[in-house]
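**Q** Here it is, the structure, as structure tokens.
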Amino acid sequence: MTAPADIIEKVKYLREKITDADYRYYVLADPDIDDYSYDMMLKELDDIEKKYPAMISDDSPTQRVSGMPTRIFRTVKHKVPMLSLSNSYNFNELIEFDNRINNILSESNEKNYEYICEFKFDGLAVSLVYENGKLKTAATRGDGSEGDDVTQNIKTIRSIPLSVRHKDLKNFEIRGEVFFRKEDFIKVNEEQELKGEKIFANARNTAAGTLKLKDSRIVASRQLNFFSYYFYTDEIKIESHLHSIDLLQELKFPVNKFFKKAADIKEVKAFCDETERMRDSLPYEIDGVVVKVNSFSQQEILGTVSRSPRWAIAYKFKAKETETKIESIVCQVGRTGTITPVANLKPVLLSGSTISRATLHNFDEIKRKDIREGDFVKIEKGGDVIPKVLEVIIKKRGRNSKPYLIPSKCPVCGSSLKKPEDEVYYYCPNYYCDAQIKGRIEHFVQRNAMNIEGLGESIIDIFLNKGFLKNYSDIYALVKKKAELLRLDRFGEKSVDNIIAAIEESRNRPFDKVLFALGIRHVGERTAKILADNFGSIENIVSADEERILQVNEIGPKIAESISLFMKDKKNLELIEKLKKAGLKFESGENTIKENINITNKTFVLTGTLEKYKREEAQKIIEDFGGKVSSSVSKKTDFVLAGEEAGSKQQKAVDLGVKIISESDFEKMIKG
Ligand code: IVH
């Protein structure tokens with residue numbers, strides 16, 4: 001079916017609007033339309049393309065996520081090899097680099113030259129080839145001469161234009177770095193945790209792994225990012241690196257704003273020092289500075305040696321990896337009884353801080369790396385992660401070294417340790433183990449939970465020793481014990497008053513914080529918020545069975561099981577009662593679920609346009625009644641609510657035998 005002229009116009013209009021919205025949001029960080037309008041435009045375009053499949057083109061914004069997960073990666077030969085950079089680690093090496101350049105250029109009578117300094121992004125390099133203004137292929141660096149075709153996955157990065165409009169430039173190649181922003185990497189791991197899947201240790205490796213995923217829908221669900229730093233074309237003459245940066249910006253590619261022109265190597269050093277100082281405050285990881293000779297004709301004179309250009313160098317920041325000795329391995333007992341082995345290290349300086357401990361994660365990890373007491377090891381400290389042991393330096397191992405033995409008893413209370421079959425962790429099963437008691441209280445008072453300032457680790461220790469605290473519910477009884485607290489050494493009137501005021505104030509913390517503070521295994525801040533929003537009160541959570549909890553979006557089986565176990569335990573119910581009496585909030589106030597037998601616990605899919613409700617209004621009604629809205633129809637769907645011009649979802653419902661309801665059926669359901 002060929003599309004009528006007005007539809008062709010509409011498609012053109014929508015594609016332009018969406019592309020422009022992507023540019024404003026992802027490149028300029030200055031959006032001019034709201035998310036809802038954006039989604040509606042994308043949906044309208046998608047609907048038209050479904051109706052007129054002949055109109056779909058590779059550069060349509062709808063093609064950023066493909067539904068076909070089975071592609072095998074082709075290899076792509078790079079037109080110009082993707083080189084690597086030689087490294088320098090101190091200012092002397094930068095001066096040597098500058099001297100070499102000075103010598104070579106002055107032989108050609110080039111006395112004046114300048115540098116461009118850029119961040120060295122800690123991601124992976126990709127090449128994007130555009131033909132006729134459209135993104136044709138995207139490839140990884142690979143071995144420098146050929147890499148993997150990752151076009152489909154690159155298209156999910158919304159800051160990368162799928163097509164460009166320029167009067168002279170239609171065929172060119174862009175290179176740049178794909179990486180995760182720190183917050184997006186944390187989100188990836190939160191998602192992994194929710195799904196009960198493995199946690200990634202390193203953002204760079206995860207970005208590389210993500211680009212190689214076979215299913216671009218998973219890639220799209222993780223927010224990869226991109227900065228461009230290279231432009232090549234035969235269509236016009238480019239004078240310098242600065243000129244190429246200008247062109248990249250003109251073509252609307254994302255370029256990092258922190259680059260600097262330096263007149264000499266001293267200015268380069270100043271940029272390197274300043275960058276190293278601000279490094280930790282950046283929203284993404286960088287591992288150094290890249291220094292490039294600006295002029296392309298001078299770059300040509302300088303040329304390339306052994307796969308690295310002579311006109312550029314990487315100035316690498318101080319190593320975040322070093323070597324030290326494991327003095328002993330001890331076991332820590334967490335608030336839920338989990339045993340974590342920790343290495344006590346001979347203290348070493350690493351990226352500005354002294355490291356004397358490193359986590360060994362679990363006993364499997366110790367066994368896999370064969371880590372032993374007395375070993376010399378390489379340790380690493382990433383941005384904001386706890387130091388970890390990378391590997392043992394076997395050459396330095398002593399003759400009498402013996403493999404590490406997993407302890408059979410809890411180091412704190414002596415109970416026999418347990419290990420569930422399908423998990424890697426060992427647990428101390430004793431709920432009253434001192435370490436667990438202390439851990440629970442520390443978790444409860446922390447800033448993101450009840451935020452009771454002044455109840456730090458050492459004060460909790462004192463209160464535990466004096467028998468003032470046996471669990472976190474005892475904290476609220478402290479406010480009536482001022483006289484007893486004043487009798488303790490080191491506690492003056494003012495400090496006791498401050499602690500009491502902080503405890504009193506914490507009674508106002510909202511329900512989701514209280515829920516998080518309870519310390520239910522696998523329930524982090526985000527899950528607590530989801531639970532609070534979905535159930536509205538602790539009664540609703542206690543009375544919900546595991547099945548019901550599992551129906552909540554984003555809550556997986558492991559979390560649901562853990563919540564259900566917690567809420568069935570008499571000890572915990574008593575704790576909750578005590579906290580309620582102390583005046584803590586156990587309901588959200590708003591969002592309390594209204595029961596409705598037609599809707600509660602049922603899964604809906606919305607399709608087409610409703611007359612009386614906007615889509616998000618209908619969704620809110622369903623969620624307020626404790627139902628779930630899902631985006632695709634499956635056997636698990638209970639109802640498909642179909643409005644005007646319902647499309648493929650309605651057909652799928654017919655195919656799967658899922659009940660289809662109209663807007664008026666829905667209204668009857670709401671009324672019960
Ligand atoms: S220029 C020959 N600029 O560093 C010049 N590279 O060791 C090659 N990198 O594979 C690239 N930030 O992944 C350039 N601002 C930047 C960079 C950068 C990070 C990476 C890139 C490359 C590696 C070279």
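The values are calculated or read from the model by the stated rules, or taken from the named source; none is laboratory data. All of these numbers come straight from a predicted model, not from anything done at the bench. Here the Cβ positions follow ideal geometry from the backbone for every residue, glycine too, while neighbour counts run over all protein chains shown. Calculation scope for accessible area: heavy atoms of the full protein, side chains included, ligands and nucleic acids excluded. Shrake-Rupley method; radii C 1.70, N 1.55, O 1.52, S 1.80 Å.
**Q** Within the range 6-31, how many residues turn out to be modelled with pLDDT of 90 or more, among the aliphatic types (A, V, I, L, M) and open to solvent by 80 Å² or more (accessible area, probe 1.4 Å)?
**A** Selection size over the range 6-31: 1.
**Q** From (1) open to solvent by 80 Å² or more (accessible area, probe 1.4 Å); (2) within 15 Å of the ligand (Cβ to nearest atom); (3) out of contact with any Leu (no Cβ under 9 Å at 6 or more places or on another chain), pick out the condition that doesn't hold for Lys261.
**A** (3)
**Q** Then there's this: Here is a list: Thr322, Thr336. Which entry is within 30 Å of Pro420 (Cβ to Cβ), open to solvent by 30 Å² or more (accessible area, probe 1.4 Å) and away from the ligand (no atom under 14 Å from the Cβ)?
**A** Within the list Thr322, Thr336, the selection yields Thr336.
**Q** As an exercise: evaluate Lys316 against (1) within 15 Å of the ligand (Cβ to nearest atom); (2) over 34 Å from the mean Cα position of the chain (by Cα) and give the number of the one condition it does not meet.
**A** Of (1) within 15 Å of the ligand (Cβ to nearest atom); (2) over 34 Å from the mean Cα position of the chain (by Cα), only one is false for Lys316: (2).
**Q** Here's another thing I want to ask about it. Please find, within the range 636-671, the residue that is modelled with the lowest pLDDT out of those that are farther than 17 Å from Val552 by Cα, open to solvent by 80 Å² or more (accessible area, probe 1.4 Å) and out of contact with any Gly (no Cβ under 7 Å at 6 or more places or on another chain).
**A** Lys671
**Q** I'm told Arg310 meets every condition in (1) out of contact with any Phe, Trp or Tyr (no Cβ under 6 Å at 6 or more places or on another chain); (2) open to solvent by 70 Å² or more (accessible area, probe 1.4 Å); (3) of a type in the set (Lys, Arg); (4) closer than 30 Å to Lys396 by Cα except one. Can you identify the failing condition by its number?
**A** It is condition (4) that Arg310 fails.
**Q** Could I ask something else about it? Can you list residue pairs whose Cβ atoms sit under 8 Å apart, with the first residue in the range 407-421 being open to solvent by less than 40 Å² (accessible area, probe 1.4 Å) and the second being of a type in the set (S, T, N, Q)? Count only pairs 6 or more apart in sequence or on different chains.
**A** Note: pairs meeting the criteria are Cys410/Ser416; Cys410/Asn430; Ser415/Asn430; Leu417/Ser408.
**Q** Just one of the numbered conditions (1) at pLDDT 95 or above; (2) out of contact with any helix residue (DSSP H, G or I) (no Cβ under 6 Å at 6 or more places or on another chain) is not true of Asp143; which one?
**A** Looking at each condition in turn, Asp143 falls short on (1).
**Q** Condition first: out of contact with any Leu (no Cβ under 7 Å at 6 or more places or on another chain) and either within 16 Å of Asp569 (Cβ to Cβ) or part of a loop (DSSP other than H, G, I, E, B) (or both). Now tell me which residues in the range 425-436 satisfy that.
**A** Scanning the range 425-436 gives Tyr425, Pro429, Asn430, Tyr431, Tyr432, Cys433, Gln436.
**Q** Would it be correct to say that Lys212 is over 18 Å from Ser159 (Cα atoms), away from the ligand (no atom under 14 Å from the Cβ) and not β-branched (Val, Ile, Thr)?
**A** Yes.
**Q** Contact list please: Cβ distance under 8 Å, first residue in the range 219-233 and without any contact (Cβ under 8 Å) to a residue 40 or more places away in the chain, second residue open to solvent by 20 Å² or more (accessible area, probe 1.4 Å) and more than 9 Å from the ligand (Cβ to nearest atom), pairs at least six apart or on different chains.
**A** Ser221/Glu191
**Q** Looking at the range 277-293, which of the residues that are in contact (Cβ under 8 Å) with a residue 24 or more places away in the chain and more than 15 Å from the ligand (Cβ to nearest atom) is most open to solvent (accessible area, probe 1.4 Å)?
**A** Applying the filter and picking the extreme gives Asp280.
**Q** Keeping to the range 223-258, report how many residues are farther than 19 Å from Gln298 by Cβ, part of a helix (DSSP H, G or I) and within 14 Å of the ligand (Cβ to nearest atom).
**A** 1
**Q** Which of the residues belonging to the range 300-313 are within 10 Å of the ligand (Cβ to nearest atom) and polar (S, T, N, Q)?
**A** Thr304, Ser308
**Q** Something else about it: Please state which one of Ile452, Ile406, Ile462 is part of a helix (DSSP H, G or I) and of a type in the set (A, V, I, L, M).
**A** None of the other options fit; the residue is Ile462.
**Q** Looking at the range 172-182 only, could you name the residues that are under 16 Å from Asn205 (Cα atoms) and among the acidic types (Asp, Glu)?
**A** Of everything in the range 172-182, just one residue is under 16 Å from Asn205 (Cα atoms) and among the acidic types (Asp, Glu), namely Glu177.
**Q** Then there is this: What are the pairs with Cβ atoms under 8 angstrom where one residue, in the range 294-317, is within 14 Å of Ile101 (Cβ to Cβ) and the other, located anywhere, is more than 13 Å from the ligand (Cβ to nearest atom) and of a type in the set (Gly, Ala, Ser)? Sequence gap at least six, or different chains.
**A** From residues that are within 14 Å of Ile101 (Cβ to Cβ), the pairs are Asn294/Ser240; Ser295/Ser240; Ile301/Ser108.
**Q** Quick check on the range 388-397. Is at least one of its residues surrounded by 17 or more Cβ atoms within 10 Å (Cβ to Cβ) and in a loop (DSSP other than H, G, I, E, B)?
**A** Within the range 388-397 (the criterion being surrounded by 17 or more Cβ atoms within 10 Å (Cβ to Cβ) and in a loop (DSSP other than H, G, I, E, B)), the answer is no, since none of the residues qualifies.
**Q** Report yes if some residue within the range 225-244 is open to solvent by 50 Å² or more (accessible area, probe 1.4 Å), of a type in the set (Val, Ile, Thr) and either farther than 17 Å from Ser159 by Cβ or at pLDDT 95 or above (or both); otherwise report no.
**A** Yes, the range 225-244 contains at least one residue that is open to solvent by 50 Å² or more (accessible area, probe 1.4 Å), of a type in the set (Val, Ile, Thr) and either farther than 17 Å from Ser159 by Cβ or at pLDDT 95 or above (or both).
**Q** Shifting gears a bit: Of Val412, Val377, which residue is part of a strand (DSSP E or B), modelled with pLDDT of 95 or more and over 25 Å from the mean Cα position of the chain (by Cα)?
**A** Just a single option satisfies the conditions, and that option is Val377.
**Q** Follow-up. Looking at this structure, is Lys513 without any contact (Cβ under 8 Å) to a residue 24 or more places away in the chain and either open to solvent by 30 Å² or more (accessible area, probe 1.4 Å) or closer than 18 Å to Ile559 by Cβ (or both)?
**A** Answer is no for this residue.
**Q** Does Lys50 qualify as being in contact (Cβ under 8 Å) with a residue 24 or more places away in the chain, in a helix (DSSP H, G or I) and loosely packed, with under 15 Cβ neighbours inside 10 Å?
**A** So Lys50 fits the description; yes.
Rundown of residues vs (1) of a type outside the set (Phe, Trp, Tyr); (2) touching a helix residue (DSSP H, G or I) at 6+ places or on another chain (Cβ under 7 Å), yes/no style:
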residue: Tyr13; (1), (2): no, no
residue: Leu42; (1), (2): yes, yes
residue: Leu45; (1), (2): yes, yes
residue: Phe73; (1), (2): no, no
residue: His78; (1), (2): yes, no
residue: Met82; (1), (2): yes, no
residue: Asn102; (1), (2): yes, no
residue: Leu105; (1), (2): yes, yes
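**Q** Which residues, counting only those in the range 593-630, are open to solvent by 40 Å² or more (accessible area, probe 1.4 Å) and in contact with a strand residue (DSSP E or B) (Cβ under 6 Å, 6 or more places away or on another chain)?
**A** Thr609, Arg615, Gln619, Lys628
**Q** Within the range 195-203, does at least one residue satisfy the condition of being assigned to a helix (DSSP H, G or I), within 16 Å of the ligand (Cβ to nearest atom) and without any contact (Cβ under 8 Å) to a residue 24 or more places away in the chain?
**A** no
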